[in-house]
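Student: Would you mind keeping the following structure in view while I ask a few things?
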Amino acid sequence: MGPVSGPEDSVPEDNGEPKPDAGQTPQPEASPDDDIRFFFDESLVGRPCTCEGGSQIEGTNYAGRVTYVGALTGRKFEQGDPPWRWLEMAGRSIDDRSGQGEQLVWCEESFVFLEDE
């Protein structure tokens with residue numbers, strides 16, 4: 001995201017709400033719909049896998065597709081009822097040309113394909 005432009009002398013209004021400390025990201029308030037449960041499954045640790053995913057391309061009506069390869073960390077969470085399940089993977093995009101290397105990504109369970117099965 002680039003710099004925000006506007007009149008140099010304009011200052012955002014103070015709405016009286018507390019401000020986050022420097023370096024902290026404000027956290028959204030939890031709602032009853034945010035029923036998230038975290039787990040650790042040792043049987044998943046180190047299992048090689050591929051994860052298919054994607055999201056909307058910012059500023060468009062299109063979505064991108066990304067494939068990650070790596071290994072599961074064993075961390076997982078589920079949200080809602082019926083549960084929507086996610087697995088954490090340490091891996092990299094097969095299209096990564098940035099040299100960013102391995103990163104931690106959350107993958108929706110039904111899009112994780114275990115290589116050893």
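Student: Looking only at residues that are surrounded by 13 or more Cβ atoms within 10 Å (Cβ to Cβ) and acidic (Asp, Glu) in segment 102-117, which one is farthest from residue 42 (Cα to Cα)?
Tutor: That would be 102.
Student: Something else: Considering only segment 80-101, how many residues are over 15 Å from residue 40 (Cα atoms) and out of contact with any Ser or Thr (no Cβ under 9 Å at 6 or more places or on another chain)?
Tutor: Number of matching residues: 11.
Student: Which count do you get for residues in segment 51-74 that are over 13 Å from residue 106 (Cβ atoms) and among the hydrophobic types (A, V, I, L, M, F, W, C)?
Tutor: Qualifying residue count for the region: 4.
Student: Tell me, yes or no, whether segment 64-73 has at least one residue that is at negative phi and without any contact (Cβ under 8 Å) to a residue 12 or more places away in the chain.
Tutor: yes
Student: Under the condition of being closer than 20 Å to residue 75 by Cβ and at pLDDT below 90, which residue from segment 37-63 is surrounded by the most Cβ atoms within 10 Å (Cβ to Cβ)? If you could, list the steps in order and put the result at the bottom.
Tutor: First pass over segment 37-63, keeping only residues closer than 20 Å to residue 75 by Cβ: 37-53.
Filter again for at pLDDT below 90, leaving 52-53.
Values: 52: 14, 53: 17.
Within segment 37-63, the match that is surrounded by the most Cβ atoms within 10 Å (Cβ to Cβ) is 53.
The values are calculated or read from the model by the stated rules, or taken from the named source; none is laboratory data. Since the structure is predicted, the reported quantities are computational estimates derived from the model, not experimental observations. Don't worry about glycine lacking a Cβ; one is built from the backbone with ideal geometry, like all the others, and counts go over all protein chains shown.
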